[in-house]
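Participant: Take a look at the following structure, please.
The values are calculated or read from the model by the stated rules, or taken from the named source; none is laboratory data. Please read all numbers here as calculations on a predicted model, not as lab measurements. Note that each Cβ is placed from the backbone with ideal geometry, even for glycine, and that neighbours are counted across all protein chains shown. Accessible surface is based on the protein model in full, side chains and every heavy atom, while ligands, DNA and RNA are left aside. Shrake-Rupley method; radii C 1.70, N 1.55, O 1.52, S 1.80 Å.
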Amino acid sequence: QVQLVESGGGAVQPGGSLRLSCVASGSIFSINIMGWYRQAPGRQRELVARVTDGGDTNYEASVKGRFTISRDYAKNTVYLQMNSLRPEDTAVYYCNTRARPSRFSAPLDYWGQGTQVTVSS
């Protein structure tokens, strides 16, 4: 199994910055994609940003130019640098990875426990 542990959430004023981190550990043969999703109260979980093993990135439209996703392949870690935060960014942020726990396994999706980000004055 693959475990994901997130850190870095918290409360910040509008315009502020936060950096989220997520470390993948456990039985890992390979990791294809690492990314971040978020879920605000009463809303569906949505993709925020993701990065492939080839370094390609995708961002949700409202965070482009404000958030940056990066990945440390050697440490199985993904980061999300969030700048110019807005109240509408308030949500629980979840780390996600699509990984193969063994060479005989198909890629599976794994999720972290979530970390709260609150943007408020």
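Participant: If you take the residues in region 79-111 that are hydrophobic (A, V, I, L, M, F, W, C) and open to solvent by 60 Å² or more (accessible area, probe 1.4 Å), which one is nearest to P41 (Cα to Cα)?
Facilitator: W111
Participant: On to the next question. Quick one: in region 18-54, of everything that is within 15 Å of the chain's Cα centre (by Cα) and not in a strand (DSSP E or B), which residue is nearest to E88 (Cα to Cα)?
Facilitator: Among residues in region 18-54 that are within 15 Å of the chain's Cα centre (by Cα) and not in a strand (DSSP E or B), the one nearest to E88 (Cα to Cα) is A40.
Participant: Looking for something over 15 Å from C22 (Cα atoms), in a strand (DSSP E or B), of a type in the set (G, A, S) and at pLDDT 95 or above - is there at least one such residue anywhere in region 76-92?
Facilitator: Yes - at least one qualifying residue is present in region 76-92.
Participant: Report yes if some residue within region 48-57 is modelled with pLDDT under 95, closer than 24 Å to V12 by Cβ, open to solvent by 70 Å² or more (accessible area, probe 1.4 Å) and of a type outside the set (G, A, S); otherwise report no.
Facilitator: Taking every residue of region 48-57 in turn, none turns out to be modelled with pLDDT under 95, closer than 24 Å to V12 by Cβ, open to solvent by 70 Å² or more (accessible area, probe 1.4 Å) and of a type outside the set (G, A, S).
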